[in-house]
Amino acid sequence: MSQLRALYLNNNQLTSLPTEIGQLSELQTLYLNQNQLTSLAAEIGQLSQLLQLELNQN
């Protein structure tokens, strides 16, 4: 999974992200719109290739 470049998790009623999200070292696009997130795991900071993060309507 380390080669994953885009992850679309819109409209899934997520309340949190697993800490393992930080292991997606090639991730460039992460869509988390329309969930129930109130905070993000600190491991998001490990995504050095991340170019686009969408968090609308959480």
Does any residue of segment 37-47 turn out to be in a loop (DSSP other than H, G, I, E, B) and touching a Pro at 6+ places or on another chain (Cβ under 9 Å)?
-> yes
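Residue under question is Gly22, and the condition is that it be surrounded by fewer than 13 Cβ atoms within 10 Å (Cβ to Cβ), in a helix (DSSP H, G or I), under 11 Å from the mean Cα position of the chain (by Cα) and at pLDDT 95 or above; does it hold?
Here the answer is no, as Gly22 does not meet what is asked.
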Given (1) touching a helix residue (DSSP H, G or I) at 6+ places or on another chain (Cβ under 9 Å); (2) touching a residue at least 24 places away in the same chain (Cβ under 8 Å); (3) surrounded by 15 or more Cβ atoms within 10 Å (Cβ to Cβ), index of the condition Ser2 fails = (3)
Which residues, counting only those in segment 24-50, are of a type in the set (A, V, I, L, M, F, W, C), without any contact (Cβ under 8 Å) to a residue 24 or more places away in the chain and over 16 Å from Leu9 (Cα atoms)?
-> Ala42
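The values are calculated or read from the model by the stated rules, or taken from the named source; none is laboratory data. All values reported here derive from a predicted model rather than from experimental measurement. Note that we place each Cβ from the backbone using ideal geometry, even for glycine, and neighbour counts take in every protein chain shown.
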